[in-house]
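Q: Here it is: the structure, laid out below.
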Amino acid sequence: MQAAIYTRLSKDRGGLSENTAIQEREAREYAQQQGWSIVGAFTDNDTSASRYTTKPRPGYEALISAIERGQIEVVLCTEMTRLYRRLEELLELIRLAERSNLKRIETTDGSGYYLYTGEGVHAAVASVNNAVLESRKISDRVKRKHRVRAQAGLTNGGSRRYGYEIDGMTIRESEAAIIRECLERSANGEVPWRIAHDLNERGVPTAYGKQWRTGNLQRLLLNKRIIGIREHNGAEYPAQWPAIITPEDQERVILAWKARKQRPGRPRGARTYLLTGIAFCDVCKAPMRGNGRPTPNGYQRRYRCAHKDATGKQVGCGHTFRAAEPLEHFVSEAVLNVFDSPEVMAALADEDHGEEIERLSRAIEFGRNKLNDLLKDYATGLLTREQFSRAKTIVETDIDARQAELGRLRPTGKLPQQPLREVWDVLSIDMKLSIIRLVVDRVRVKPHPDGTQWKQWRFDWKKIEIDWRGGVVPQVAL
């Protein structure tokens, strides 16, 4: 018999365990006793085989390739759970045995599963089903353990949390001081990115030794762990570890951030800047972002060259500004002039994907309805959890593929039937942007004070350059 050895270890965070080597030695001894020839040994270290994992198994995939090439008659492992914990994978191997030289799976305790007999296939399926049941029991036990520990206010272990030692119960004073400092600075109105930048400049690392970003700093200051609260599945319990700050201190930060986000006149919620993503500074090439400011007369919308990223690192010059209303009006007028051209409309019509877009949209809608049907079938017991999971994955993969294909098509067929000039003011900002993107690649903003009168604004339109999409429209002068 031409045998292949498969070994696997679920968790080996340090990469130092000899467990897989021990499995291989045991399998080689067993193969020698049977008089089998070893044609290959395949290993996956620190890799789970449960249905919950998304981590690939390169060793297993190499094993399957060797089977497909007809090199293997028997797969040898120390126990069935090393090879499989998912029934769908075993079924794949059973089908593979029908068209290859593979005859059976063998474990070193002498259990053999003959894949060319009904009894052998039944035994193999039963073995994997038992492994699935055991995996579910382990999962349920772990969940119960986590719930009990949460109710007792204890940690779940895991990686070290900022402000505490690895035991999760002892405060690390050097980091606690940083938390209190960041809290005071935030409560006093300092923006998170500036605090993150300062910490990075001072060489203060996160708990994982990385740089601070706006997001992880905000999550840290809002985490209820630092006020002595244990959270679990939406419930809160008094923690056994000491708090670093008081709940009142944390509330001060929340109120300060809310005040910043909800200043009078400051727009919030849906998109309010039309050219986000296509307007760029012509000096440093950084994107222009909405950067409004309060004025004596209310609130001014304006674009600014991006200056810092989430870590506080400089990404652009930050010196180019432009009032939003005249810039958006100028670009809109340029685009409307382009769509007034019969040549442009003819060129776009040649690339009209209206029918294809409609087909893909129907397919996506069908997939979403199918997901609802699957959920009903699972709720009524027509599908098992495993069947529902497999079917859901197939449908979601198909939806993702069709959405990606849809995103590559230009929605020319969705243009309003009326002349654009007549309906432009009533179109949504997202619809306007999608139309602009049909003909505009980017808008380049040159730094210059708006000292020239243009319509009702002080705006020098000669300092704005529009890069039209190649082969679609000519340059249009205003």
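Each value in this text was obtained by applying a stated rule to the coordinates, not by laboratory testing. Quick caveat, the model's predicted, so the values are computed rather than measured. Note that each Cβ is placed from the backbone with ideal geometry, even for glycine, and that neighbours are counted across all protein chains shown.
Q: Using alpha-carbon pairs under 8 Å, 6+ residues apart, how would you state the relative contact order of region 70-189 in percent?
A: 18 percent
Q: Quick check of the Kirkwood formula: for region 173-261, what is the inverse mean of 1/r over all pairs of different Cα atoms, in Å?
A: 13.6 Å
Q: On to the next question. Check which residues have an amide H placed less than 5 Å from Tyr164's amide H, if you skip close sequence neighbours.
A: Correct list: Arg172.
Q: Assuming R0 = 35 Å, what is the FRET efficiency of Lys224 and Arg141, from their Cβ-Cβ distance, to the nearest 0.05?
A: That gives a FRET efficiency of 0.85.
Q: Which whole-number percent of Cα pairs in region 57-209 have a distance greater than 28 Å?
A: 53 percent
Q: Something else: Using the structure shown, list the pairs from Lys145/Lys376; Lys137/Lys224; Lys285/Lys463; Lys145/Lys224; Lys143/Lys224 with a Cα-Cα distance above 23 Å, or answer none.
A: Over 23 Å Cα-Cα: Lys145/Lys376; Lys137/Lys224.
Q: Here's a follow-up. Which cross-chain or sequence-distant (5 or more) residues have an amide H under 5 Å from the amide H of Gly40, H modelled 1.01 Å from N in plane?
A: The list, which skips near neighbours in sequence, is Ile5.
Q: Shifting gears a bit: Which number comes out as Rg/Rh for region 117-167 once both Rg and the Kirkwood Rh are worked out on C-alpha atoms?
A: 1.34
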